[in-house]
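Here the structure is laid out as structure tokens; the discussion comes afterwards.
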Amino acid sequence: MAARASRKLLRDFLFRRACTTPIASARHCSSAAETAPKIPHFSKKGRLLTGTFLGLVIGGGAYVSTVDEATFCGWLFSATKLVNPFFALLDPEVAHRLGVSAAARGWVPREKRPDPSNLGLEVWGRKFSNPVGLAAGFDKNAEAVDGLLGLGFGFVEIGSVTPVPQEGNPKPRIFRLREEGAIINRCGFNSEGIVAVAKRLGAQHGKRKLDETTSTSSSSGEEVKPGGKAGPGILGVNLGKNKTSEDASSDYVQGVHTLSQYADYLVINVSSPNTPGLRMLQGRKQLKDLVKRVQAARDEMQWGEEGPPPLLVKIAPDLSKEDLEDIAAVALALRLDGLVISNTTVSRPDPVSTNPVASEAGGLSGKPLFNTSTSLLKDMYILTRGKVPLIGCGGISSGEDAYKKIRAGASLVQLYTAFAYGGPALIPQIKAELSECLERDGFKSVSEAVGADCRVATAKV
């Protein structure tokens, strides 16, 4: 396919050159008395550039035609590393917007290689090709779902989405701590609102259904492939509340009624530090009342055989032991489908504390959050006795990090900050490293490794 593309590019180039050649003098070439048509003149630099271009096209086509698709795909992902220094020079929010736009337009590589077989798993009756997902906050308005899933993520979570459009907090509101591998943000749920997101997801959903119908008619359809409503991957929808809203429950209910039909799972975000009063909803009574109301709103809707989307709650890392116990009790009592652990932290652990940027208000994400969020994850797995599926989020930047989250109790894991720094090339790298970790310790699958460290700790007690 790549070789054909190279040949087509060469053909189009030659055709354009031919079309720009003066041909008026050629109209009277039948007369022997007339002079032959002039050959178009190219400058020395023009001939050099043309020769170089043609050499690259021919040489590239010849190379591509000799390699398999997997090798070429790997080369494309590796090539994205060349762009990272350019993004580093830009304002963080401008770089973010460019990244989303690139994924939305398909200007990012598409993973063609199958995931290692030991990474596949099933959670909530949904089949994941791998447990590595993209956390909410990157694609807030569902602009690039297909492109991001195409990068090889097992799932992508959009949002947070608020009922009414809002600008969020004043800019600048995103700050890099590059040496620490961290970011501080105080975006404040900037969102286009549920109506705009629903229209976008609806259009994408219709296109995928059409593609599925076409592909099904040309295949046997016997094989059950991993994926959900977003096609080849799983789509999560993260719901938030408006800053000025006085009834948080109503905001989340609106989100459920409008967006749940497009979601493979839903997340109630009650843990962002950038919306005043939001974290108060993590209290035992407040959380219980909120979850019951949102569950009722979801369950009153009409659902097919697959049933309603699972409902999760995303919690903060800045919680006391008592807070954790309360959340675990609510999760078990109301049979919550899962928890996302965790959001960003308002603390500034070492070595971030000595960085001048640490004084900026907002939530800290990235490597400095890893130990805190992983410890919280392990505590929650033990408190819920492994009965509530957990998504581990916070500070993952390698396959080893993802593996530690899984051993601490996570069925699935999410990236954000490391992806912002490392780009698309990080995704296949993490999956390969995670697969190697599982093999090294004798686990045949991700599911076997979930909570392994908690089982060891319990056995010692």
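Being among the hydroxyl-bearing types (Ser, Thr, Tyr) and over 21 Å from residue 108 (Cβ atoms) is true for just one of 397, 435. Which residue is that?
From the options 397, 435, the qualifying one is 435.
Return the residues of the range 145-180 that are β-branched (Val, Ile, Thr) and either part of a loop (DSSP other than H, G, I, E, B) or buried (at least 20 other Cβ atoms within 10 Å of the Cβ) (or both); say none if nothing qualifies.
Correct list: 145, 156, 158, 161, 162, 164.
Got a number for residues in the range 181-207 being in a helix (DSSP H, G or I) and open to solvent by 20 Å² or more (accessible area, probe 1.4 Å)?
Selection size over the range 181-207: 10.
Answer yes or no as to whether residue 338 is surrounded by fewer than 15 Cβ atoms within 10 Å (Cβ to Cβ) and under 25 Å from the mean Cα position of the chain (by Cα).
Considered against the rule, which asks whether it is surrounded by fewer than 15 Cβ atoms within 10 Å (Cβ to Cβ) and under 25 Å from the mean Cα position of the chain (by Cα), residue 338 comes out as no.
Collect the residues in the range 228-251 that are buried (at least 24 other Cβ atoms within 10 Å of the Cβ), of a type outside the set (D, E, K, R) and either at pLDDT 95 or above or on the phi > 0 side of the Ramachandran plot (or both), keeping them in residue-number order.
Listed by number, the residues that qualify are 234, 235, 236, 237, 238, 239, 240.
Name every residue in the range 341-350 that is open to solvent by less than 10 Å² (accessible area, probe 1.4 Å) and among the polar types (S, T, N, Q), in order of residue number.
Narrowing the range 341-350 to residues open to solvent by less than 10 Å² (accessible area, probe 1.4 Å): 341-342, 345.
342, 345, listed by residue number.
The values are calculated or read from the model by the stated rules, or taken from the named source; none is laboratory data. Computed from a predicted model, the values in this text were never measured in an experiment. So basically every Cβ, Gly included, is an ideal-geometry build from the backbone, and we count neighbours across all protein chains shown. For accessibility, only protein heavy atoms count, side chains too; no ligands or nucleic acids. Shrake-Rupley method; radii C 1.70, N 1.55, O 1.52, S 1.80 Å.
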